[in-house]
Amino acid sequence: GFRVIIFNAPGHHNRPRCASLPLFTGALQTVLDTFPVDYLVGHSFGGMTSARLTAQGYDLKKLVLISSPNQLSALAHGFCHNMRMAPDTEKDFFRRLDESFGHPTEFESVVHYFQTIQTPTLLIHDHDDDVIPIETSQTVAAEHGLELVETNSLGHRQIIRDVGVCERVRDFLLG
């Protein structure tokens, strides 16, 4: 009974384009402007982006975040570490991030977004996620009293292909 719209976010599936929260937000906003929706189900950075748009006032009936990161600053610090940036370079990188958002990067977090989100939300995360630790969803759930479904042995990518997870999402959206 659902019309499902799936899209690949910028920087995914070998596209020659960088990925960033503003690019993801713009892409998802274009999809939502083209195909108005009642529900959003976002995986990984798409989950963070879905929460960000919801916090910015996009009206939804329900929201599902699967394996979503919580803090953009934590992802950015990880990026700087992986790139072996010198401390001064990392500091400049964060200064530029803050300027691009018009506020400190720390405000770009799912916990922060839920200060304004009233949309019923389900979180799903796997204990064996080696990309985004389950503690990120546990923090969001605890801070805002959200339901968190914890799975095992699915990791970061297989979780969106799991029949049980798909059924749980469907039941939440229909419930």
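Things worth noting here:
- Formal net charge of residues neighbouring N152 (Cβ-Cβ distance under 10 Å; K, R +1; D, E -1): -3
- Proximal charge balance of D38 [Cβ under 11 Å; K/R count +1, D/E count -1]: +2
- Accessible area of V4 in the full protein assembly, 1.4 Å probe (Å², nearest 10): 110
- Computed from backbone phi, the HN-Hα couplings of the range 156-173 come to 7, 9, 5, 4, 7, 9, 6, 4, x, 5, 4, 5, 5, 4, 4, 4, 5, 5 Hz, rounded to whole numbers (Karplus: 6.51 cos²θ - 1.76 cosθ + 1.60, θ = phi - 60°; Gly and Pro given as x).
- Fraction of antiparallel bridges per DSSP, the range 22-175 only, in percent to nearest 5: 5
- The residue list P22, N8, T54 was ranked by how far each Cα lies along the charge dipole of the chain toward its positive end, using unit charges on Cβ atoms, and N8 comes out on top.
- Acute angle (nearest 10 degrees) that the helix 21-34 long axis makes with the longest principal axis of the chain, alpha-carbon atoms: 40
- 12 Å beta-carbon shell around P69, net charge (K/R +1, D/E -1): -2
- Over the chain - Rg/Rh using Cα atoms and the Kirkwood inverse-distance radius: 0.96
- Summary of packing: across the peptides 101-107, 61-67, the per-residue average of other C-beta atoms within 10 Å ranks them, highest first, as 61-67, 101-107.
- Among 90-99, 120-129, the order from most to least packed when residues are scored by Cβ within 10 Å on average: 120-129, 90-99
- In nm, spacing of pseudo-spin labels at E135 and I5 (7 Å Cα→C-beta vector): 3.7
The values are calculated or read from the model by the stated rules, or taken from the named source; none is laboratory data. This structure is a prediction, so every number in the text was calculated from the model and none was measured. So basically every Cβ, Gly included, is an ideal-geometry build from the backbone, and we count neighbours across all protein chains shown. Each accessible area value is taken on the protein alone, full model and side chains, heavy atoms only, with ligands, DNA and RNA left out. Shrake-Rupley method; radii C 1.70, N 1.55, O 1.52, S 1.80 Å.
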